[in-house]
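Undergrad: There's a structure below that I have some questions on.
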Amino acid sequence: MARYSSALLLLALAGAGAGGVGCSSPSTKVKHADKAHKKPVNKGLLADAREDVKNNEYDAADAKYAELYAEKKSFDVLEERVDMLIHAGRATKAVDASKVYYDAYVSDVKGVGLYTETLIAAGQGNLAIVSADEMLAFNANDASAHEKKGRALLLIDKDDEGLAELHKAVNLDKTSAQFHESLGQALFKSGKIDEAALEFRAALKTGSNDADAHVLLGSALRSQGELDEAKRELDQAIQLDGRSGKAYFELGLLLNAQTKQPEAEVALSKAVQLAPNESRFWYAYGEIFRLSQRDDEALNAYKKAVDLDPPYGKAMTKLGTMLIKRKQLDAAETVLTNAVRREPKNPANYLPLGVLYATKRQPKPAIDNYELFLKYAGKNDPDRDRVKEAINQLKH
């Protein structure tokens, strides 16, 4: 494999991933969900659904879970189905499935919580905030609701407000490894790496010895330049859970930082094998190929990242750019237009669209997109001068 800059890959990965509802109140028309919870489910069909999941037969598993839920309205079955859909890259379908229960049992806070979780998984931050507030209307001191609201706020880039909610969750329940992990990830996103590492260590101190906490701590240590300690944490995560795609993903980034590119490719290959529905993993795998000039393999990996639900935003931009270079302009336009719809304030999406329309000899949309790039790009963006020059040439 050709050598390439580890800094480029790490930079490329930095900063990494229905109608509104009002606040519900108990209703005399609501069926009692608790009775449904107690009805026994068809254990044979449930076992078959779980076997389908193990074999990555997600459509077959979903049909069985749907049949089980239709029979007994069991929340546990629904929760298992929703978790499967999220991990299978079908977040939108998970939202639809959870909303059926949410609409039927408006006084059941567990249903509201599950619906909120699916909205977060689908990247629908604004709706998730509404339903998290609905949870808080039941109980203002619900730590889980504050944690969900915090993650939802982060989705719409309200980082300070999101951090405040996550701090509330941790203060309400300091024994929850999950809450420490969520707060740590938010701090990491905000660039507060030292504080993030402390939260990940706090998660491990709860006694959970959770593989994910070791992965997150390993990621923070890598960012701090503590590569040997980061490697120990990731090795521990893999020892605890040898099927953790997250652990192999972070190991790939770590090995790349150590300029061990062949080993990094192997780790990322393992990550996408173990977690084939994680769009971010496919994007990283594509970056490994792109930076080593293996464009066909990069293109396939980016397509995987884009086809999943939700797609990884940076993969859409990279895929569109590669399609432009291959003169597949109509396909590139579709991908990049969808990218803009998902992230209308992301300047990285407008630059390749400007190039695309300039290539198609359509000066007006080219100029419009270049100007949108200038509107949203930072003042020190290195592409600003180049874009200004392109606009000037198109106008003359």
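Undergrad: Run down the lysines and flag those whose C-alpha is under 29 Å from the C-alpha of LYS43, throwing out any fewer than 8 positions away in its chain.
TA: LYS43 reaches LYS31, LYS35, LYS54, LYS64, LYS72, LYS73, LYS93, LYS99, LYS110.
Undergrad: Given region 33-122, what whole percent of its Cα pairs are spread farther than 22 Å?
TA: Tail of the P(r) past 22 Å holds 21 percent of the pairs.
Undergrad: So, in Å, what gap is there between the alpha-carbon centers of region 113-147 and region 266-337?
TA: Computed from Cα coordinates, the inter-centre distance equals 31 Å.
Undergrad: Could you work out the percent of alpha carbon pairs in region 79-142 separated by over 18 Å, rounded to a whole number?
TA: 29 percent
Undergrad: Using only the alpha-carbon atoms, what does region 198-245 span along each of its principal axes? Please give whole angstrom values in decreasing order.
TA: 25, 22, 14
Undergrad: Another question, if that's okay. Could you give the radius of gyration (one decimal) and Dmax (whole number) of the Cα atoms in the chain, in Å?
TA: 22.6, 74
Undergrad: Can you give the Rg to Rh ratio for region 270-388, taking only C-alpha atoms and Rh from Kirkwood?
TA: Over the Cα atoms of region 270-388, Rg/Rh equals 0.99.
Only the coordinates and a few stated rules stand behind these numbers; no lab work does. Note that the coordinates shown come from a computational prediction; the quantities given were computed from them, not determined experimentally.
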